Structures are given as structure tokens and as C-alpha cells.
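J.: Below is a structure I'd like to ask you about.
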Amino acid sequence: MASVASSSSFSTRHLLRSPTPLLGRRRCRPNFLNMVTRSCLDDSSALLHAAEYTVDKYVKSGMVVGLGSGHASGMAIQHLGRLLRTGNLKDIVGIPMSVASASEAAKAGIPLDTYQESSQIDFAFDDADAIEEGTLVAIIGRRKLQGGESIIQEKSIINASNKLVFIIEENQYKGGLEGSIPVLIQSPNWMATAEEIDDMFLGDAEVWRRPSMGQAGPLGGDFPVVTREGHNILDVIFTSPIENLAEVAKSLGKVDGVVDHGVVSKIPCTVVIASQNGLNILDKLTADIVG
């Protein structure tokens, strides 16, 4: 690993090839696939249908519900509020994953509580930026964080829930994912952590520190993002297909200075996929590995 003194090389170099691939080939396969067919829908109507289906199917009166972040989750929160107002659901308590979802839930009239480590969460729904085909391992946190938002809190609520549903569009479900994985790192000596990740994925990814304003770049500009927990965010931007997202997450978790990342592997997990031809429902019930 390059020393901190050689940090200028990190800010300018382009990545070539990794001498030892870190991306394995073993896969977890969903245990169940179902399709809920509907007449052709446009993208917004399909996502709305997926959001409403998720609430209608999985939320029951008396539940504590984790309220996700993103466009689909916002639709689901609004629908949940309507069901509470009409009396179709009762005694729901929402635990928001972000400031945005808390605001949306408050406007919808959903009673809220704050997340604690001891929180018992019956069910949670959330958006995902991408989900790996066959494994249902998800990436969250690519979007720009608003004030007070936290990838750590979002993942904590997801992991604390007894049942999780991701609501996505069909173009977000694919094998060989590319694009960024957000990685939370300790701010002191962040460059050394970035260089180690850069070396790890040499040729397959670029490593940029996320800026809070201005242009993105390897160094994150003069105003890098600082999360509410005091961490910086590295965007590890994969330009080669990721063969095994869980293995990448495992490798990231071993790097000194890494606090957490945006990869979520949750069992059991359900994915509701919105398409113009209907809904695809994928369930991952066990961690069975297939070659």
C-alpha cells in the first residue's frame, strides 16, 4: 500500500488491472419467484403499483415499520398514511431511515418513533440503487445525502427488521453490476484507506472522496462530505462488472479505516420489481450457496 506521503499519485493515477481478482463466482439464488401480472404501465405507474402492493401485502395493523428512503419508499409511505386515515390499518408506528422519510411520514400522519439499538422492527421497506441478480444483495447510499441522513442508520434499521422488502425498477436488477459502492471511512488518515482500496481493485474501480458541493474528484474537493457520525464517504466506482457483490463487501470490511459500506445482504429478503408488464416478486429465504 502506498504511504500517505505519496498521496499525490492517488489523486491523479488511472487504474489498470488487478493482479489477483477479488471477485468470486459463488452465488446465492433466490428461493422463490412469482409474477403479479398487470396490463402495461408506464414507469411511474408501475413503481406506484409496486409501492402500494408492498404496503398492502406485508404491513399489518399493530406493526412497527421501518420507513425507507427514495422515490418508491415515498410512495409507499403516502399509501400507508392513506390506509391509516381510512381505518384499514391501525396502531402503526414508523421508524424513518432518513430525514426525508420522516418528513414524508409526518405529512402522511404516520406516528413516528426514533431508532434505538433495542428497537423491535416487524417490517421494513426501502429503495435500493441496484440489486445483484440471483443473490438479492443490494447497494444503497449512492444518492447525495441530505442533512442528517445516515447510511449507518439506514442499514441498522434494515438489519433490525424481521422482514425486509426492497422496491425497485427492473433496470436496477441485474447481474455483473457496475457503478459505485459508497464506503464510510474514518476522516483522519482517509488517504491511506483510499489508497488501500484503490490498490485492492486496481483496474476494476476508481476511488473518489465524495464532495458536499462543487465538482466530484479523487480528493473530494475543498468540502468533502462529512456524515453526521463524522465520517467521509469514498465512492468506489466499478468500471468492470462485479462478479460477486458479497465478496467485494467482505474485502472492503477488512480494510483498516473502513467503518461501513452501502452493500446490504439481508436474509430473509424480498424484492418487488416494477415493470411495465407487472410485478416480479423475488424472495430470498435462506443463505443456500450454489456453484
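J.: Among Cys28, Cys40, which is the only one that is among the hydrophobic types (A, V, I, L, M, F, W, C), in contact with a Lys or Arg (Cβ under 8 Å, 6 or more places away or on another chain) and at pLDDT below 90?
T.: Answer to the selection: Cys28.
J.: Please determine, by comparing only the residues of the stretch 122-173 that are basic (Lys, Arg) and farther than 17 Å from Ile281 by Cβ, which one is modelled with the highest pLDDT.
T.: Result: Lys155.
J.: In the stretch 212-268, which residues are free of Cβ contacts under 8 Å to residues at least 40 places away in the same chain and closer than 21 Å to Glu149 by Cβ?
T.: Residues satisfying the conditions are Ser212, Met213, Gly214, Ala216, Gly220, Gly221, Phe223, Pro224, Val226.
J.: Can we say Val55 is modelled with pLDDT of 95 or more, open to solvent by less than 10 Å² (accessible area, probe 1.4 Å) and part of a strand (DSSP E or B)?
T.: Details: modelled with pLDDT of 95 or more: yes; open to solvent by less than 10 Å² (accessible area, probe 1.4 Å): yes; part of a strand (DSSP E or B): no.
It is false that Val55 is modelled with pLDDT of 95 or more, open to solvent by less than 10 Å² (accessible area, probe 1.4 Å) and part of a strand (DSSP E or B).
J.: Still on this structure: Collect the residues in the stretch 195-222 that are of a type in the set (Phe, Trp, Tyr) and in contact with a strand residue (DSSP E or B) (Cβ under 6 Å, 6 or more places away or on another chain), keeping them in residue-number order.
T.: Trp208
J.: Here's something else I'd like to know. Show the residue pairs meeting these rules: Cβ distance below 7 Å; 6+ apart or different chains; first residue within the stretch 176-199 and under 21 Å from Arg228 (Cβ atoms); second residue among the small types (Gly, Ala, Ser) and open to solvent by 30 Å² or more (accessible area, probe 1.4 Å).
T.: Between residues of the stretch 176-199 that are under 21 Å from Arg228 (Cβ atoms) and residues that are among the small types (Gly, Ala, Ser) and open to solvent by 30 Å² or more (accessible area, probe 1.4 Å), the close pairs are Ser187/Gly230.
J.: Now for a different question. Out of all the residues in the stretch 146-178, which are among the acidic types (Asp, Glu) and more than 18 Å from Ile267 (Cβ to Cβ)?
T.: Glu149, Glu169, Glu170, Glu178
J.: Give me a count of the residues in the stretch 151-171 that are of a type in the set (Gly, Ala, Ser) and part of a strand (DSSP E or B).
T.: Summing the residues that are of a type in the set (Gly, Ala, Ser) and part of a strand (DSSP E or B) in the stretch 151-171 gives 1.
J.: Only strands (runs of 3 or more DSSP E) wholly contained in the stretch 67-134 count here; list those with 3 or more residues that are under 18 Å from Thr54 (Cβ atoms).
T.: Here the list reads 93-96, 123-127.
The values are calculated or read from the model by the stated rules, or taken from the named source; none is laboratory data. What you are looking at is a predicted structure, and each value in this text was computed from that prediction instead of being measured. Methodologically, a virtual Cβ is constructed for each residue, glycine included, from the backbone with ideal geometry; neighbour enumeration extends over all protein chains shown. These area figures cover heavy atoms from the full protein model, side chains too; ligands, DNA and RNA do not enter into them. Shrake-Rupley method; radii C 1.70, N 1.55, O 1.52, S 1.80 Å.
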